[in-house]
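Below: the structure, in structure tokens.
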Amino acid sequence: MKKVLMTALLAAMAGAAQAHEVWVERDGAGPVRIYLGEPAEALPAGGDPEFANLKAPRILALDRPTLTRKAGYIEAMAPAGDVRVWDDNVFKPWGDEGAREGVIYYARAGRTDASTQLPFEIAPVATNANRFRLVRHGKPVAASKVTVITPAKVSKELMTDAQGIIDVPTDAHGRYLLSAAVKEDGPAQLQGSAVRTVHHITTTTFVAP
């Protein structure tokens, strides 16, 4: 019975880790809001059931940001411009010994900067462009799925071209969210545990006028 319960628990953890995403929202130069959940769904009151697992996301270029826990998101102040977040401590590695899996989340808000600074990032090809490039370790990721969630919470799937590029239709005013994932097989260390597979999940949000 204990083995059955443990198997069910690990399966639930794996499902939550791969279904959930970390994303960042920002209005102008205001506070940064960092979420954990399923962005295509309406955010439950008080946040996603897994929100407690989002504890201390790292904000690039800020050594010790002040993180304030709100109802469903973490708020922080950051300099004006695009914001990038990285968190490899959301869900504990799961699975059997020797075949454990883990997840690392990356998130970005804004499209004013065409550079990439995260290991896995969706970046505009030019300032405020609707054309984006999916990049992994500085190299474009071709033939990879990118999900676009519109302001009306409608999901569309696009495929990157040979240069890792997608064109995002922005027919409506509001916030768009782009997400992509890649699975990396091979020995790695995550949260002090040896893992065999790491799931990398990245998001970018921007507001279309």
- Query: Once Rh for region 147-209 is found with the Kirkwood sum over Cα pairs, what is the Stokes-Einstein diffusion coefficient at 20 °C and 1.002 mPa s, in µm²/s?
  - Reply: 155 µm²/s
- Query: Where the accessible area of the chain is counted over protein heavy atoms with a 1.4 Å probe, how much of it, in %, is carbon and sulfur?
  - Reply: 55 percent
- Helix 2-19 vs. the chain, principal-axis angle (Cα, 0 to 90°, nearest 10): 10 degrees
- Query: When the distances between all Cα atoms of region 60-172 are binned every 10 Å from zero, what whole-number percent does each bin get?
  - Reply: 12, 35, 35, 17, 1
- Query: For the chain, what is the accessible area per residue in Å², given a 1.4 Å probe and the full set of protein chains?
  - Reply: 50 Å²
- Kirkwood radius from Cα pairs of region 19-77 plugged into Stokes-Einstein at 10 °C, 1.306 mPa s, gives D in µm²/s equal to 133 µm²/s
- Given the convex hull over the Cα atoms of region 38-111, what projected area results after averaging over all orientations, in nm²? 6.6 nm²
- Task: Could you tell me which of 170, 98, 160 has its Cα farthest along the dipole of the chain towards the positive end, charges placed at Cβ (Lys, Arg +1; Asp, Glu -1), taken about the Cα centre?
- Result: 98
- Projected area, mean over directions - the chain, Cα convex hull, nm²: 12.2 nm²
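The values are calculated or read from the model by the stated rules, or taken from the named source; none is laboratory data. Just so we're clear, the structure is a prediction, and the values are computed from it rather than from any experiment. Virtual Cβ from ideal backbone geometry, glycine too; neighbours counted across all protein chains shown. Just the protein is used for accessible areas: all its heavy atoms, side chains included, with ligands, DNA and RNA removed. Shrake-Rupley method; radii C 1.70, N 1.55, O 1.52, S 1.80 Å.
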